[in-house]
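Structure, as structure tokens:
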Amino acid sequence: MFERRMFLLAGLGAMPLLTAVPALADTNGDRAIAFIKSTSDMILGAMRRTGSTEERRKVLGPIIDKSLDVDGLARFCLGRFWRTATPDQQQRYTAVFHQVLIGNITAKLGEYQDVRLTIGRSKSQDDVEMVSSVVEHPNNPPTTVEWAVADAASDPKVIDVVAEGTSLRLTQRQDYASYLTHNDSNVDKLIDAMRQQLTQ
Amino acid sequence: MNADLRTTAVPTVVLLARVWRFMLFAGLLAVVMAGCATPPPADDPDAVAEFKQTNDPLEPTNRVFYDINNGLDTVILRPAAQGYRFVVPGPVRTGIHNVLTNLNTPVQLSNDVMQGKPRRAGDTTMRFLINTTVGVAGIFDVATGWGYPNHDTDFGLTLANWGVPEGPFLFLPVLGPSNPRDAVGFGVDIAQDPFTWVGNSTAATVFNWTRYGLNALDSRERYLDPVDQIKKTALDPYATFRSLYRQHRQGDTKALRDDNRATIPVWFPQAPADAAAVRNR
């Protein structure tokens, strides 16, 4: 009897929590949506203002640093090789990853002038908010793009972009993993190859 | 006119047959020379997990085909697609793309039905009816604006929806990234295409090969920029294309499985759950 009452009390105690959870998730979703909205406005605005690639890199760099979890991405993309890398290698790799990422994003955005982004809903997946959107640009069918936002409540950061079901960070990780597998798992060689890319 | 068509069509077929025979020969040679990928040592569980996840036991052979395809693409298809983009204005290319998409609707509809997706089948039917008539033989995609959007589908996805696993990754000559399931799907789609069976008159042959050729040009033209971009930014383009292809197919399969839109008209008395689903749409 006592146990049952305790159980009931515990249940009642948990009730506000249970009702609070969906509300919390909703606000997190809204926060994530607002975050993606302001970030994409900033990026698209910067694209419109700037002309040359060099100029774009300079303007986009700080925006990317602020809105993307670059260090976390770098770590994820190195996958199982992160653990075997020395602290020095990790540091050099993260630095060059940073530059490669900014370069790639600038080049990718250069393809998509007059792009239009319509932001849809957000749904929670574990601790991450997935904000859906539709990207439209002339002469192309609309593309669905999902933005994975971590820490939506406190310090929102984009940790992945999923375009038409393909995750950008997963693709990058598999690219690096394959390169490393064919190059004696040598992280230094990977860093050199990434540097090589930057000079191209 | 007819004689003209015959002289141009026949050598094309013969040429393609020769290319195929060469590819087959090159393929056999590649299999003999390259063989299978060596699995990583069992004492490295992370490497083993990665090997299993990549699901590419024929990697060395696949890479040979990737190189062959890449070579053919560099000298034939890519320049052709660039020429196509340069010569044909954008709106005309869109029109051609729409006609090609419309010609594919019988195959699409057949797959929608086999997948047990009535709403998709409805979309496809309406698209065909609207675009063939109002859209002037499919040149204009009116249906999308009227609420019947296009969706990609093929027999590979039908098999996926039936629960057939993808199997090991394959890089096929000419066709590119695939797997046993999607390769079978490709064959079945040709077989279930009514245009394959319109008869063996010269006109039919010319029509079909023109359609295949235009399809290749159209899709290559659409991928010109992304493919160039990947080749420039990827350290291992083969691995990147493999990853993208597999993720894309898995994404399409998921989207197909999750597409369970209600088939009851909005005005019909509905079950509460369905009504809620309709309201939320």
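Below, the figures for the structure above:
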read-out: Selection count where residues are more than 12 Å from chain A (Cβ to nearest Cβ), assigned to a loop (DSSP other than H, G, I, E, B) and under 19 Å from B:Asp236 (Cα atoms), scope the stretch B:39-58; value: 2
read-out: Qualifying positions in the stretch A:91-117 - of a type in the set (S, T, N, Q) and either modelled with pLDDT of 90 or more or under 30 Å from A:Asp188 (Cα atoms) (or both); value: A:Gln91, A:Thr94, A:Gln99, A:Asn104, A:Thr106
read-out: Members of the stretch A:50-72 that are within 24 Å of A:Val134 (Cα to Cα), in contact with a helix residue (DSSP H, G or I) (Cβ under 7 Å, 6 or more places away or on another chain) and exposed (fewer than 15 other Cβ atoms within 10 Å of the Cβ); value: none
read-out: Where B:Phe128 falls short, out of the listed (1) farther than 30 Å from B:Tyr238 by Cα; (2) modelled with pLDDT under 95; (3) of a type outside the set (S, T, N, Q); value: (2)
read-out: Cβ-Cβ under 9 Å pairs, at least 6 apart or on other chains, the stretch B:85-99 side modelled with pLDDT of 95 or more, far side outside any helix (DSSP H, G or I) and exposed (fewer than 10 other Cβ atoms within 10 Å of the Cβ); value: none
read-out: Tally, over the stretch A:146-190, of residues that are under 24 Å from A:Phe81 (Cα atoms) and of a type in the set (Phe, Trp, Tyr); value: 2
read-out: Yes/no for A:Arg83 being outside any strand (DSSP E or B), surrounded by fewer than 16 Cβ atoms within 10 Å (Cβ to Cβ), basic (Lys, Arg) and without any contact (Cβ under 8 Å) to a residue 60 or more places away in the chain; value: yes
read-out: Filter pass, A:Ser167 being farther than 30 Å from B:Thr144 by Cβ, among the polar types (S, T, N, Q) and at the interface with another protein chain (Cβ under 9 Å from one of its Cβ atoms); value: no
read-out: Any chance B:Thr196 is in contact with a Lys or Arg (Cβ under 6 Å, 6 or more places away or on another chain), of a type in the set (Val, Ile, Thr) and touching a residue at least 12 places away in the same chain (Cβ under 8 Å); value: no
read-out: In the stretch B:176-199, residue modelled with the lowest pLDDT [restricted to those that are under 15 Å from B:His248 (Cβ atoms) and not acidic (Asp, Glu)]; value: B:Gly176
read-out: Selection count, the stretch A:135-155, where residues are more than 13 Å from A:Arg121 (Cα to Cα), surrounded by 15 or more Cβ atoms within 10 Å (Cβ to Cβ) and touching a residue at least 40 places away in the same chain (Cβ under 8 Å); value: 2
read-out: Members of the stretch B:145-173 found to be in contact with a Lys or Arg (Cβ under 8 Å, 6 or more places away or on another chain) and more than 28 Å from B:Phe65 (Cα to Cα), listed by number; value: B:Tyr148, B:Asn150, B:His151, B:Asn161
read-out: Matching option when the condition is small (Gly, Ala, Ser), in a helix (DSSP H, G or I) and more than 15 Å from the chain's Cα centre (by Cα), among A:Ala74, A:Ala107; value: A:Ala107
read-out: Filter result for A:Gly72 (in contact (Cβ under 8 Å) with a residue 24 or more places away in the chain and closer than 19 Å to B:Thr233 by Cβ); value: no
read-out: The stretch B:210-248 - residue that is polar (S, T, N, Q) and within 10 Å of another protein chain (Cβ to nearest Cβ) and, of those, nearest to the chain's Cα centre (by Cα); value: B:Gln247
read-out: Hits in the stretch A:184-200 - residues which are assigned to a loop (DSSP other than H, G, I, E, B) and more than 9 Å from every other protein chain (Cβ to nearest Cβ); value: A:Asp184, A:Asn186
read-out: Residue identified as within 13 Å of chain B (Cβ to nearest Cβ) and either outside any helix (DSSP H, G or I) or touching a strand residue (DSSP E or B) at 6+ places or on another chain (Cβ under 7 Å) (or both) among A:Val96, A:Val149, A:Val131, A:Val161; value: A:Val161
read-out: Close pairs from the stretch A:115-131: first acidic (Asp, Glu), partner modelled with pLDDT under 85 and assigned to a strand (DSSP E or B), Cβ under 9 Å, at least 6 apart; value: none
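The values are calculated or read from the model by the stated rules, or taken from the named source; none is laboratory data. Given the structure is predicted, the values throughout are model-derived calculations rather than measurements. A quick note on method: Cβ atoms are made from the backbone with ideal geometry, for glycine too, and the neighbour counts reach across all protein chains shown.
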